[in-house]
Amino acid sequence: MATTRFTELTGCSVPVQQAPMGAVSPPALAAAVAEAGGVGTLSSLRMTADQVVRASTRRAGPPPGCSRSTC
């Protein structure tokens, strides 16, 4: 895998970060990116705290990050 400043900083194995873009980036996409070695991030804008926890822990791979908009 490629070692870059980004991979060293984040601890991921590939220099890819998936953006949390509301309805077009569902939890399954964030999990798939994380499982592939990138930084997967889920948008919690329309999720309750319980939904965020379930979406973050339902798969065996590394947990995705979470973004919360306050707008």
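The values are calculated or read from the model by the stated rules, or taken from the named source; none is laboratory data. Model, not experiment: these values are computed from the prediction. Neighbour counts run over all protein chains shown; Cβ positions are idealised from the backbone, glycine included.
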*Boolean, residue 33 is modelled with pLDDT of 85 or more, surrounded by 12 or more Cβ atoms within 10 Å (Cβ to Cβ) and not small (Gly, Ala, Ser)*: yes
*Please state which of the following conditions residue 20 fails to meet, knowing it meets all the rest: (1) crowded, with 19+ Cβ neighbours inside 10 Å; (2) touching a Gly at 6+ places or on another chain (Cβ under 6 Å); (3) in a loop (DSSP other than H, G, I, E, B).*
(2)
*Matching entry among 25, 43 (being farther than 12 Å from residue 65 by Cα and of a type in the set (Ser, Thr, Tyr))*: 25
*Quick one: residue 46 ticks every box in (1) in contact with a helix residue (DSSP H, G or I) (Cβ under 7 Å, 6 or more places away or on another chain); (2) part of a loop (DSSP other than H, G, I, E, B) except a single one, so which number is it?*
(1)
